[in-house]
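The values are calculated or read from the model by the stated rules, or taken from the named source; none is laboratory data. Since the structure is predicted, the reported quantities are computational estimates derived from the model, not experimental observations. No Cβ is skipped: glycine too gets one built from the backbone with ideal geometry, and neighbour counts run over all protein chains shown.
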Amino acid sequence: MAVYDTTLTQELKKTAFRNHVDLIGVTELRVFDDIPTRDKPMKILSDAKAVVVYAVKFESVAELSKESWYSRMEKLLTLIDKKLRGFLTEKGYKAHSFTTEIDFHLWTDELHKRPFSERSLARQRRWYGVYHRLQDAAVSAGLGRVGKNRLLVTPQYGPSVHLSMIITDAPLEPDAPCDGNPCAGCNLCLEACPTGALIGRERPDESKCKPWNCRFACLRVCHENFLEQRQQLDEQQKST
Ligand code: SF4
Ligand code: SF4
């Protein structure tokens, strides 16, 4: 039976909250069981035991259309990753993090413009496979549920979070997945999607999904709906 270090887990979470993290959870590696071996976290850290997933909230969906937002978020996540890795390595464990080990530009148009070493490319391909499971890892770590817009919807901040992950050999205690269905009685994102990209697939149909044209309509309506519900709840609580 696995033995977990509860104190270490709590200290890691406290460190995260002191460093701009809004939500954090831990999952075991089972969430990666059904993916090809070449994409598993063990390819990044052979004796990996846990994946830490954390979220940083954002306030405005309009910000997402600005390039400056991405570089700000990249800097913030890199800073957080370094702090959390530093915490784990000081305690004697190994830790690898997404934002400090991949080059974001590799996954954009820059891919074709910049030279990368074979070693760097191989490492980034491995992360690419693991990163595709980031949302599943977030669900397993208890951060939220996947909504009909195929985004992670958290109870605290709705879909307006940015995620990152750390892979470690530390015996961190896993969290339980979230209860509840964030989409009960709601179809706003399906109605807002102008291209039908959300219908009938596990992920948005990439050939139809044009976020820059629709200005992230499925995210925007969910964000606004979430804020409205929060406001109503706050008002109800004040009046009781
Ligand atoms: S807009 Fe409604 S249906 Fe769509 S993900 Fe958000 S809560 Fe779920
Ligand atoms: S980003 Fe736009 S096109 Fe893509 S699924 Fe959402 S609403 Fe549809």
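Okay, here's what the table says:
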| item | result |
| --- | --- |
| Matching entry among ARG38, ARG72 (being over 21 Å from PRO159 (Cα atoms) and either hydrophobic (A, V, I, L, M, F, W, C) or in a helix (DSSP H, G or I) (or both)) | ARG38 |
| Enumerated helices (runs of 4 or more DSSP H) restricted to the range 137-240, each holding at least 2 residues that are over 26 Å from LYS83 (Cα atoms), of a type outside the set (A, V, I, L, M, F, W, C) and at pLDDT 90 or above | 217-239 |
| Residue ID - farthest from GLU63 (Cα to Cα), chosen from residues in the range 186-217 that are surrounded by fewer than 14 Cβ atoms within 10 Å (Cβ to Cβ) and of a type in the set (Gly, Ala, Ser) | GLY200 |
| Lone qualifier among LEU143, LEU227 - being within 16 Å of ligand 1 (Cβ to nearest atom) and not assigned by TED's automatic domain parsing to the domain that holds VAL52 | LEU227 |
| Candidates CYS178, CYS209, CYS183 - the one that is away from ligand 1 (no atom under 13 Å from the Cβ), touching a Lys or Arg at 6+ places or on another chain (Cβ under 7 Å) and outside the structural domain of GLU63 (by TED's automatic domain parsing) | CYS178 |
| The range 35-55, subset over 16 Å from TYR131 (Cβ atoms) and not basic (Lys, Arg), residue nearest to the chain's Cα centre (by Cα) | ALA50 |
